[in-house]
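See structure below.
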Amino acid sequence: MIDLNTLVEETGAESGLSFNIDGILLESVNLEYDGNVAAMIGMILKMCLEMSEDVNNGDLKQVMIKNKDGIVVANKDEDDNCVALLSKDISKMGLLLRKMDTVFNN
C-alpha cells in the first residue's frame with residue numbers, strides 16, 4: 001500500500017490522492033474538492049485506457065496533464081488502483097514522473 005503523505009512529501013507535490021479507476025476516492029492529501037478531482041482523473045484514465053487498448057499500444061500505466069500553472073501525474077496499477085500527484089511547480093515534472101514510476105514498478 002502506498003503511503004500518500006510520504007509520497008507527497010518526498011516529491012514536493014502540493015497534493016495527492018488515491019482512488020480507483022471508477023473515480024471513487026480512497027484518500028487525499030491537501031486537496032479541496034477531492035471527490036470531484038478523483039472522479040475527473042478517473043474518467044481521464046479510463047478514457048486513455050480504452051484508447052490505448054483500441055490502438056493496441058498495451059496497458060496504460062501513466063497519464064500526465066500539464067498546463068501553464070501546474071502538472072498532474074496519475075498512475076494506475078494492474079488492479080485499477082490509481083494515485084495522482086498535483087504540483088503547481090512544473091519544474092518538478094521529472095521528479096514526479098520518476099517517483100511514480102518507481103512506486104508503481106515495485
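The values are calculated or read from the model by the stated rules, or taken from the named source; none is laboratory data. This is a predicted model, so every value here is computed, not measured. Neighbour counts run over all protein chains shown; Cβ positions are idealised from the backbone, glycine included. For accessibility, only protein heavy atoms count, side chains too; no ligands or nucleic acids. Shrake-Rupley method; radii C 1.70, N 1.55, O 1.52, S 1.80 Å.
In table form, for the structure just shown:
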read-out: Members of the stretch 57-72 found to be among the charged types (D, E, K, R) and surrounded by 14 or more Cβ atoms within 10 Å (Cβ to Cβ), listed by number; value: 61
read-out: Those strands (runs of 3 or more DSSP E) lying entirely in the stretch 6-106 with at least 1 residues within 11 Å of the chain's Cα centre (by Cα) and among the hydrophobic types (A, V, I, L, M, F, W, C); value: 15-20, 62-67, 70-76, 81-87
read-out: The stretch 83-106, subset at pLDDT 95 or above and of a type in the set (Gly, Ala, Ser), residue nearest to residue 60 (Cα to Cα); value: 84
read-out: Every residue from the stretch 32-79 that is in contact (Cβ under 8 Å) with a residue 24 or more places away in the chain and β-branched (Val, Ile, Thr); value: 37, 41, 44, 71, 72, 73
read-out: Check on residue 45, touching a strand residue (DSSP E or B) at 6+ places or on another chain (Cβ under 6 Å) and open to solvent by 50 Å² or more (accessible area, probe 1.4 Å); value: no
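This table checks each residue for (1) acidic (Asp, Glu); (2) open to solvent by less than 40 Å² (accessible area, probe 1.4 Å).
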{"position": "23", "(1), (2)": "no, yes"}
{"position": "32", "(1), (2)": "yes, no"}
{"position": "55", "(1), (2)": "no, no"}
{"position": "74", "(1), (2)": "no, yes"}
{"position": "78", "(1), (2)": "yes, no"}
{"position": "89", "(1), (2)": "yes, no"}
{"position": "92", "(1), (2)": "no, no"}
